[in-house]
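Taking it in order: structure first as C-alpha cells, then the write-up.
We did not get these values from a lab; they are worked out from the coordinates using the rules stated. Treat the numbers as computed from the prediction; the structure is a model and nothing was measured. Cβ sites come from the backbone with ideal geometry, for glycine too, and all protein chains shown count toward neighbours.
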Amino acid sequence: MPQQKRGLPIRARGLTKRYRTRTAVDELSFTAEPGAVTGFLGPNGAGKSTTLRMLLGLVRPTRGDITIGGRHITDLTDPVRAVGALLDARAVHPRRTAADHLLAVAQTAGLGRRRVDEVLDLVGLADAARRRAGEFSLGMHQRLGIATALLGDPGVLVFDEPLNGLDPEGIRWMRVLMRDLATEGRTVLFSSHLMSEMELTADNVVVIGRGRLIAESTLQEFVLAHTTQAVTVRAQALDDLARALTRAGMTVERGQDGGLVVTGADPSSVGRIAAAEGIALDELTRVRESLEDLFLRITGAVADHGSRAA
C-alpha cells in the first residue's frame with residue numbers, strides 16, 4: 001500500500017488579473033481536488049502561468065482569489081511542506097551543484113541532507129548531485145525542479161509544463177510519478193502542451209482560453225461532451241448499407257479510404273441495422289477524436305470568437 005498523504009483542494013473563485021489594458025485572467029473559477037491529477041489546459045497566452053503564479057503568491061490578483069485548503073499560500077504555517085511547485089526549471093544559480101541547490105532550499109524548511117539525497121535519487125539525479133546546474137540539459141533541469149518541488153514531501157504539487165525537455169523515458173517516468181502522487185492522496189495540478197500525455201495522465205481537466213474557463217470536468221466527460229459519436233464501416237454491399245443507415249436517420253459519408261463514416265451512431269446500432277438487412281460487415285470501428293484535435297478545435301473556437309468580438 002502506498003503511503004497516504006493528505007492533500008488539500010485548490011480553489012479559484014472569480015480570479016481576475018488585469019495588466020493596464022490587458023486582461024490575463026478573467027473571472028476564472030475551478031477546483032483541483034486531492035487524490036486526482038488535474039490537467040490545466042489552454043493555448044499560449046491563455047492565462048495558465050499567471051493563474052499558477054497567483055496560486056503561489058507571486059502575482060497579486062486584481063479581483064477574486066485562489067486558495068489551498070481555503071487559505072492563501074502566505075497564510076500557510078509551513079508552505080514548503082504543504083505545497084511543492086515547479087514553474088521555471090532553469091531558475092537555479094548555474095554555479096551551484098544540484099545537491100547544494102536542494103540543500104539551500106531544504107534548510108529553509110528545517111530539512112536535512114538525508115531528504116536531499118532521497119529526492120535526488122527519486123528523480124534520477126543521484127549521479128549528477130555534484131555537477132553544476134549550468135552544465136545541465138533542459139531535461140536535467142526539469143528533474144532538478146521536480147526534486148525541489150518534492151523536498152518538503154508536500155500534499156499539493158503544482159507543475160507548469162513539467163514534461164518540457166524530457167526524453168521519452170523521462171516523460172513516462174513523470175507520468176507514473178504524478179499518478180503515484182495522486183494515488184497517495186495528494187493534489188496534483190499540472191499544465192502541458194503534450195495532449196497525448198495529458199490523455200494518459202489526467203483524471204480531471206480545467207480548460208481555459210483568453211483567461212476564461214472553457215470547461216471543467218473529468219477527462220472522460222470532457223471528451224464525451226465535445227465529440228460526436230461516429231463509426232467507420234466497410235462491407236461488400238456498401239451502397240445498400242448506406243441507404244439502410246440513412247433510412248434509420250444516421251448521417252452517412254464516404255470516407256477517404258472507401259468505407260463509410262457514420263456520425264450520430266455507435267458500433268452496436270450500425271451492426272444491428274446491417275444484420276437486419278442481411279449485410280455482412282468487413283470492418284466496424286468506433287471513431288474517436290484525439291484529445292489534441294479536440295483541444296485545438298475548442299480553444300480555436302474561443303480564440304476566433306474573441307478576435308471577432310475585438
Item to check | Cα-centred dipole magnitude for the chain, charges only on beta-carbon of K, R (+1) and D, E (-1), debye, nearest 20 | outcome: 1460
Item to check | Per-pair calculated FRET efficiency, R0 = 22 Å: Arg113 and Glu135 via Cβ, rounded to 0.05 | outcome: 0.50
Checklist entry - Whose amide H sits under 5 Å from the amide H of Glu184, counting only residues 5 or more places off or on another chain, with H placed in the peptide plane? => result none
Checklist entry - Kirkwood Rh over Cα pairs of the chain into Stokes-Einstein at 10 °C, 1.306 mPa s: D in µm²/s? => result 73
Checklist entry - Percent relative contact order of the range 47-121, based on C-alpha pairs within less than 8 angstrom and at least six residues apart? => result 18
Next on the checklist: Could you tell me how many cubic angstrom of Cα convex hull volume the range 228-287 has per residue?
Outcome noted: 68
Checklist entry - In a GNM of the chain with a 10 Å cut-off on Cα contacts, which of Val176, Val158, Val207 has the highest mean-square fluctuation? => result Val176
Checklist entry - Comparing Gln107, Gln142, Gln256, which has the greatest mean-square fluctuation in the GNM of the chain with Cα pairs linked when under 10 Å apart? => result Gln256
Item to check | Among Val262, Val205, Val80: highest mean-square fluctuation, GNM of the chain, C-alpha pairs under 10 Å | outcome: Val262
Checklist entry - Considering the dipole of the chain built from charges on the beta carbon (Lys and Arg +1, Asp and Glu -1) around the Cα centre, which of Ala109, Thr148, Gly84 is farthest to its positive end? => result Ala109
